[in-house]
Amino acid sequence: AYKQGLGIYAGNFPVRIDTDVSILHYPQKPLVRSFVYDTLDVHPVGQNVVLAVLPYEGYNIEDAKVLNKGSVDRGFGRSSKFRPYTSVELNYAGGLKDEITIPEKDVSGYRTEESYRFLEEDGIVFPEAELEEGDVVIGKVSPPKFLSEAREISIQTRKENSSAVRQGERGIVDAVFLTQDREGNKIVQVRTRELRIPEIGDKFSVPHGQKGVVGFVAPEDDVPFTSSGIKPDIIFNPHGIPSRMTVGYLMDVLAGKLAALSGEIVDATPFSGEEVENLEEGLRKLGFRENGKEIMYHGITGQKMPVKIFIGNMFYLKLRYMVADKLHARASGKIALLTRQPIEGRARGGALRLGEMEQQALVGHGASLLLKERYDSDKVVLFICSKCGGLAVDDKIHNKRVCSLCYSNQVEPIEVSYAFKLLMEELLGLHLLTKFELKNKYE
């Protein structure tokens, strides 16, 4: 029914090992639902919240949402993210096999003693261990890759092959499963969990497609309140309504308000559910305005607001896109072998690319020194022959620098990008000789 929201994704989740799944701690059924929902009898996703349609200090511009910190503290939108770690004890040719254990200090690639501090004698972490990035979850040593290596040197050159917590992640060990595959290899599966409390940047949505990220978590004291003291859990920006024409959303808020006040589920089945007129009549009977609006008071000054605010109940879904999974920054780090430029991707510890368009923006601002600084990730010193302009060879062993074309030793060092040097060498591979005209650098 509500495929994208977090909830209980399967009834047997405590004994499952799944990639990238989350469980919402307090999932609910919607107050306003169609007969399909009850017929399918699905696992719950999402939560019913009090919603006010109102701008809030600009923090909910462009589809952002403002959450009430009080609601978050009382458990709104809390979830646990699970991550599996799997390791197999493989058998190799020649009677060699992997071993799941705490690695000895003499294995090649030994981490630090501290990395293995949570492992028990069997080389597996204990449940409820609080792991940080780099901590080993399953300790494993593998035999050397090539047999010739082992014969020449001692047999003890085993490799460290443990599974560790990824960079920038953490978690508490939730469960440990031991089993084996068809070949009889031992399999260890460890599941970690991490508590996720809604924060700025987490994505929420309603079933009507009004999605958005949290722009601010407002202190409960500063949230506007109605004359009866009701404070909204979420403040939704009214600019999301007219151009998108999601009228069903407004009806849903109205119906949700009636459902919460009367204590009865509102039927929202298409073509046969409640009419808007009946909803309005129901609210009127309960002593509320039939258009769903109420007088509200400013949360900080306490002044009565000059306009009435549309407030009601809505069913909100927490989506799986959380800012904790996207946050990324780096200084220096891994580089690609071919171009010597930083690698790409958050998972691999890559850098943030400053591309051609960003460069143009900086050029437009005249930030020449910033450009110079940003674009030296792969600078390299080349030697150019000042006679013929060809590439000179830098012989570090004999400490000689000679032009490979005219054998002159009058060479000058220049600083260029490694990618440029690569281009020149590829052109040489195409039998295209690139020559350089050097200007006097003191002029």
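Brief remarks on what is shown
- Cα shape, segment 378-443, gyration tensor, a/c 1.5 rule: rounded
- Charge sum, other residues only, whose C-beta stays under 12 Å from Ser71's C-beta, Lys/Arg counted +1 and Asp/Glu -1: +2
- Cα-based equivalent ellipsoid of segment 80-196: semi-axis lengths in Å, sorted from largest, via gyration tensor: 27, 17, 10
- Working from Cα pairs under 8 Å separated by at least six residues, relative contact order for the chain is 17 percent.
- Gain on full stretching of the segment that runs from Glu121 to Lys435 - 0.36 nm per residue minus C-alpha separation: 106.6 nm
- Prolate/oblate/rounded call for the chain, Cα gyration tensor, a/c under 1.5 rounded: oblate
- Length gained on full extension, Glu99 to Thr157, computed as 0.36 nm times the residue gap minus the Cα-Cα distance: 19.5 nm.
- Computed FRET value (nearest 0.05) for Arg353 with Glu133, which takes r as the C-beta separation and R₀ as 35 Å: 0.90
- When the C-alpha to C-alpha distance is required to be over 19 Å, the pairs from Lys81/Lys318; Lys257/Lys285; Lys211/Lys257 that qualify are Lys211/Lys257.
- Three-way shape label, segment 130-271, alpha-carbon gyration tensor, a/c 1.5: prolate
- Using C-alpha pairs below 8 Å separated by at least 6 residues, the relative contact order for segment 333-375 is 22 percent.
- The C-alpha atoms of the chain define a longest principal axis, and helix 276-285 lies at about 60 degrees to it.
- Relative contact order of segment 378-443, pairs being alpha-carbon contacts under 8 Å that are 6 or more residues apart, as %: 34 percent
- Net charge over other residues, Cβ less than 15 angstrom from the Cβ of Ser22 (K, R count +1; D, E count -1): +4
- Beta bridges by DSSP in the chain, antiparallel share as percent, to the nearest 5: 85 percent
- Ranked Phe315, Phe35, Phe76, criterion: other C-beta atoms within 10 Å, fewest first: Phe35, Phe76, Phe315
- Greater than 23 Å apart at Cα, pairs in Lys145/Lys186; Lys326/Lys372; Lys326/Lys421: Lys326/Lys372; Lys326/Lys421
- Computed from the Cβ-Cβ distance with R0 of 25 Å, the FRET efficiency linking Arg166 to Lys3 stands at 0.40.
- Summed side-chain charge close to Tyr116 - residues other than Tyr116 whose Cβ falls under 13 Å, Lys, Arg +1, Asp, Glu -1: -4
- The ranking of Met424, Met357 by Cβ neighbour count inside 10 Å, starting from the fewest, reads Met357, Met424.
- A viscosity of 1.567 mPa s and a temperature of 4 °C, combined with the Kirkwood radius over C-alpha pairs in the Stokes-Einstein formula, give segment 1-132 a diffusion coefficient of 65 µm²/s.
The numbers here are math on the coordinates, done by the rules we state, and not lab data. Not measured: the values here are computed from a predicted model. Every residue, glycine among them, receives a Cβ derived from its backbone with ideal geometry; neighbour counts consider all protein chains shown.
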